[in-house]
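Some notes on the structure that comes next.
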Amino acid sequence: MDADVTDSAGTPAAPDPEDPEEAARAGGPEAAGTAAPARRRRRRRLRWAAFALAVVVLVGAGIAWAAYRKLDGNIATDTSAAAELKRWEKERPSQAVRGAMNLLLIGSDTREGAGNDRYGRRGKGQRSDTTILLHLSADRKRGTAVSLPRDLMVDIPSCRSADGSSTQERFGQFNSAYTAGGTACTVRTVEKLTGIRIDHHVVVDFTGFKRMVDAVGGVQVCLPRAIDDADADLRLPAGRQTLDGEEALGYVRARKTLGNGSDTERMERQQDFLASLVKKVQSNGVLLNPTRLYPLLDAATSAVTTDPGLDSLRDLYDLTRSLRSIPSDKLQFLTVPRRSYVYDANRDELVQPDADRLFAQLRTDAPVTVTPDASGTPSADPSDSPAAVGPEGEPGQAGAPDRPAAPSPDASASGAMCG
């Protein structure tokens with residue numbers, strides 16, 4: 001019975017009909033002749049598969065290279081500012097700590113350029129609407145972003161204007177330095193004020209800011225009360241809102257109808273918004289999503305004008321990587337210690353020696369600590385003593401400014417509104 005269901009001993013198994021080579025060995029010359037075309041067909045299929053794969057790789061590489069070239073070409077280089085700063089190299093401060101970086105971020109209020117004229121009449125010159133000094137520690141474990149008020153009264157050096165003429169050295173409003181001599185004059189004014197060497201600068205205009213916000217899908221903010229600001233063209237209900245680029249621009253620029261109407265309150269709002277924007281960019285929903293990442297890179301590279309040392313995609317990538325390596329609780333946003341200018345309440349002056357102490361900490365790459373005050377406006381701690389540090393990670397204020405620090409009417413409602 002067993003012989004009926006098993007092969008006899010010594011009887012070779014039947015060749016696998018799916019294997020032409022095995023069939024050829026088992027079946028002799030006739031079978032081998034049948035298997036040869038099959039082998040050729042299989043080789044042709046392999047060659048075509050390899051060719052198709054090579055084409056896909058080449059096309060993908062070509063697309064990636066084209067995208068890289070486009071993004072790299074988007075970045076505008078501020079060669080005129082670089083040349084002007086080179087003329088004044090001997091008077092500029094030297095870098096105090098190797099590896100640390102000081103970057104000046106300038107938000108220009110120019111009405112020139114596509115889309116910018118809707119925010120006001122075109123006039124002669126332009127001013128810096130927002131200026132932030134960003135210090136990155138040498139070990140890239142700390143970052144401090146210091147807002148410089150546009151109304152701060154400072155010494156402005158003699159600068160070369162766009163028409164080639166030279167302005168007189170004078171004492172005036174900080175943001176007028178940009179009008180006098182563009183980016184180079186602003187950089188030199190900040191260096192004269194702080195004693196800090198500015199390694200790089202980035203200028204962003206209105207349109208560029210809007211495009212970056214839109215590219216990440218908007219940025220969420222909490223509005224304790226409804227906003228109806230005709231000057232900022234901003235009308236929003238109270239509560240948690242995701243602002244698109246146009247709304248975000250109105251939100252960070254509005255001054256008359258939000259908070260106490262001061263530029264200080266506006267700077268605080270700008271700092272909070274930028275922190276939220278950085279957090280959104282760092283999220284996986286942007287960085288790991290090609291449909292979000294490429295538009296962000298396209299918007300960001302199109303939005304900026306930089307010095308020659310920061311004008312390539314690789315340079316900006318290295319900067320972004322440095323920012324990403326800093327823990328969120330170690331990236332601080334604060335305002336330089338200031339108070340109302342003694343001769344004009346609508347202008348500001350530095351609080352000393354607090355401001356000089358802050359500048360020295362940044363210049364020497366020392367940690368900057370902050371403590372909370374009644375107004376909640378973030379500013380540098382005036383004390384060198386670590387004992388003066390407030391709750392960890394909480395923004396604060398340097399001393400009590402002469403200007404009454406009226407709490408924002410929105411502050412108490414904010415937490416209850418948005419949780």
note = For Asp348, other-chain or 5+-apart residues with amide H closer than 5 Å (H placed, Pro excluded) are Leu152, Met153, Tyr341
query = Given H placed 1.01 Å from N in the peptide plane, which residues other than close sequence neighbours of Gly239 have an amide H under 5 Å from its amide H?
reply = Leu223, Arg225
remark   = Semi-axes (Å, rounded, descending) of the ellipsoid equivalent to the stretch 144-239 per its C-alpha gyration tensor are 33, 16, 15
ask   = Given H placed 1.01 Å from N in the peptide plane, which residues other than close sequence neighbours of Gln220 have an amide H under 5 Å from its amide H?
value = Leu243
note = Computed over the stretch 235-340, the distribution of all Cα-Cα distances in 5 Å bins, rounded to whole %, is 2, 9, 15, 20, 19, 17, 11, 5, 1, 0
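Any read-out appearing in this document is the output of simple, stated calculations on the displayed coordinates, not a laboratory observation. These numbers were taken from a predicted model, which means no experiment stands behind them.
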